[in-house]
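Below is one structure, written out as structure tokens; comments come after it.
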Amino acid sequence: MKRWPKGTGEAEARSLRVDPDIPIGLVLGGKYRVEQYIGSGAMGSVFRARHTRLPRAYAIKFLHQWLVSDDSLLKRFEREAELAARLSHPNVISVVDIGEVDGVTFLVMDLGAGPTLGQLLANARFEPLRACRLIQQLCDGLAHAHDHGLIHRDLKPDNIVVESRNGDEVPRIADFGLAILRDATEPHTRLTARGMVLGTPHYMAPEMATGHAYDHRVDLFALGVICYELLTGRLPFDGRSGDVAQAYIHDEIPSMAARVPEVLVDPMLETFTRRLLAKRPDDRPATAVRARDNVDYIVGALAGRPTQPMAYAQVVSQTAQDNQRTAKTVAMTRLRKPDDSID
């Protein structure tokens, strides 16, 4: 992945210093022409761009300058972005390039062609089979990333673009490679000594909220919250940030019927969701591959297809195999503390 030298397009880049006043028509690195402002968030501003020679559109995220003002942090971000650039999967938004123009760092990504899952959830909850088919694909995308040693650490509906391909919904996970900046520059997204959270903890695993070492299974916890939300249209807990974080740490996850009495969810599907939401990482599926196996079984049962002659409880309790797979995956992703760098 190429990092363009400082000074490329310096005259035009002066206007980049006032975010999000990126001039429409600006050409970056001689390849990407900025076409349209999309929006801004905690990490920076996003623009639609088009390749100057190829018929391809991209999303370009200009990072807030204070995020990468520290040289050590910038190098760590670049290493993680390089890991993200190695991902190539139908359920992942690929990182294409990284660049810098007069001190402004930006990330070039594939442009998702569809609404976010968060936008779809604003309309209604999902029927079980539709939800399961999305979860199956999200498991595939996470498994691919975890196999490449990358943890998302901020999986949520707003980071998932849902595209339509031949009448099927295809979710694609965005923003791999950016969480290292959030970890290093936003310690307020975790619990403070007084038990307060100033971020958005609704998809954050307990071990991450409390600042303990974590691994790829924080993504599976977030996937559990998404699954719960898909099936009920509600998050497991309402309330202020600190209250939600404390609830995930100390309280039992409420049944879906308790949250939304009119919702009738298959017991297997609720059991699977609650297992993803287990407080202890060892009580969750060991890997995204194992989670996908569980959902496959449920989809077969919901669709009325013949399944293996074993109870679902047996499907979700293959402890020995799970532990072996966990050891392999943890070796890939490493057990991390929030401020660990990428080697």
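The values are calculated or read from the model by the stated rules, or taken from the named source; none is laboratory data. Small disclaimer: the values here were computed from a predicted structure and weren't measured. Here Cβ is always computed from backbone atoms with ideal geometry, including for glycine, and neighbour counts include all displayed protein chains.
Some points to look at:
- Among residues of region 221-239 that are more than 13 Å from Arg259 (Cα to Cα), none has a beta-carbon under 7 Å from a residue that is at pLDDT below 95 and of a type in the set (Asp, Glu) at least six positions away or on a different chain.
- Some residue of region 75-89 being assigned to a strand (DSSP E or B) and modelled with pLDDT of 90 or more: no
- Residue within region 182-190 that is at pLDDT 85 or above, surrounded by fewer than 19 Cβ atoms within 10 Å (Cβ to Cβ) and either more than 12 Å from the chain's Cα centre (by Cα) or outside the structural domain of Asp296 (by TED's automatic domain parsing) (or both) present: no
- Among the residues of this structure, Ile60 counts as one that is surrounded by 21 or more Cβ atoms within 10 Å (Cβ to Cβ), in contact with a strand residue (DSSP E or B) (Cβ under 6 Å, 6 or more places away or on another chain) and in contact (Cβ under 8 Å) with a residue 12 or more places away in the chain.
- Among the residues here, Thr232 does not qualify as modelled with pLDDT under 85 and buried (at least 16 other Cβ atoms within 10 Å of the Cβ).
This table checks each residue for (1) under 23 Å from Leu138 (Cα atoms); (2) at pLDDT 75 or above; (3) assigned by TED's automatic domain parsing to the domain that holds Ala131; (4) among the acidic types (Asp, Glu).
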| site | (1), (2), (3), (4) |
| --- | --- |
| Pro267 | yes, yes, yes, no |
| Pro281 | yes, yes, yes, no |
| Ile298 | yes, yes, yes, no |
| Thr319 | yes, no, yes, no |
| Pro338 | no, no, no, no |
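- Residue in region 114-135 that is farther than 30 Å from Pro261 by Cβ and either part of a loop (DSSP other than H, G, I, E, B) or at pLDDT 95 or above (or both) present: yes
- Filtering Asn91, Asn166, Asn159 for residues that are free of Cβ contacts under 8 Å to residues at least 40 places away in the same chain and either out of contact with any strand residue (DSSP E or B) (no Cβ under 8 Å at 6 or more places or on another chain) or of a type outside the set (Ser, Thr, Tyr) (or both) leaves a single hit, Asn166.
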